[in-house]
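Notes for the one structure printed next.
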Amino acid sequence: MDDLRAKIAPQSEENINVDKFIECDELDAQIGEKTAVAYEMLLDLKDGERLTRRDLVFRLKLPDRTCRGIIEDLRRSGVRVCSGGGAPGYYLARTDEEYRDFEREYLSRAYKALATAKRMRESNGGQMKINV
C-alpha cells in the first residue's frame with residue numbers, strides 16, 4: 001500500500017493529506033472486491049489522468065450501470081472520486097481545492113434536480129392535460 005500512496009502523493013504538494021485515502025483491504029471488507037479493484041485503479045492514475053466508465057466496463061467486465069454504482073459506492077464510503085470539469089472520466093481529488101471544484105459542480109446538478117422535482121410536484125395537480 002505504501003507504493004500506491006507514493007504514486008498518489010507527490011512530495012511537492014504540501015496540502016495533500018495522504019491519510020484521507022482509505023486502505024484497499026479495509027475498503028474491500030466494506031463494499032466488495034470489484035469496488036476495491038476500481039479504487040486501486042483510481043489510485044494507480046498519474047496526476048492529470050482520468051479513468052473513464054468505458055475503461056471500468058472493459059477492465060472489470062461489468063455493465064456500465066454497475067460501474068456507475070461502484071463509483072457511487074466509493075463516494076458514499078467517503079472516497080473523493082471526482083469527475084467533471086470539462087473532461088471525461090473519474091479521478092481522486094489530491095487536494096482540498098480539487099475536491100471543492102468537483103463539489104461545486106456536483107451540488108449544482110443536485111440543486112437543479114431538486115428544483116425540477118419541486119416544479120413537477122407543484123404543477124397542475126401532478127399531471128398536465130393535453131387537448132387533441
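Throughout, read-outs are computed from the coordinates displayed, never taken from laboratory work. Just so it is clear, the model here is predicted, and its values are computed rather than measured. Every residue, glycine among them, receives a Cβ derived from its backbone with ideal geometry; neighbour counts consider all protein chains shown.
Please tell me if Y91 is within 11 Å of the chain's Cα centre (by Cα) and part of a helix (DSSP H, G or I).
Working: within 11 Å of the chain's Cα centre (by Cα): yes; part of a helix (DSSP H, G or I): no.
No, not satisfied.
What number of residues within region 43-73 are part of a loop (DSSP other than H, G, I, E, B) and not charged (D, E, K, R)? Give the steps one after another, and end with the answer.
First pass over region 43-73, keeping only residues part of a loop (DSSP other than H, G, I, E, B): 44-50, 52, 61-63.
Okay, now just the ones that are also not charged (D, E, K, R), so 45, 48, 52, 62-63.
Total satisfying the criteria: 5.
Please work out which residue is surrounded by the fewest Cβ atoms within 10 Å (Cβ to Cβ), limiting yourself to region 76-88 and to residues that are touching a helix residue (DSSP H, G or I) at 6+ places or on another chain (Cβ under 9 Å) and free of Cβ contacts under 8 Å to residues at least 40 places away in the same chain. Reasoning before the result, please.
Restricting attention to region 76-88, the residues satisfying the condition of being touching a helix residue (DSSP H, G or I) at 6+ places or on another chain (Cβ under 9 Å) are 76-85, 88.
After this cut, where a residue has to be free of Cβ contacts under 8 Å to residues at least 40 places away in the same chain as well, the list is 76, 81-85, 88.
Numbers: R76: 9, V81: 20, C82: 22, S83: 18, G84: 15, G85: 13, P88: 12.
Here the residue is R76.
Give all pairs with beta carbons closer than 6 Å in which a residue from region 92-111 that is surrounded by 11 or more Cβ atoms within 10 Å (Cβ to Cβ) meets a residue that is in a helix (DSSP H, G or I); count only pairs at least 6 apart in sequence or on separate chains.
L92/L42; A93/Y99
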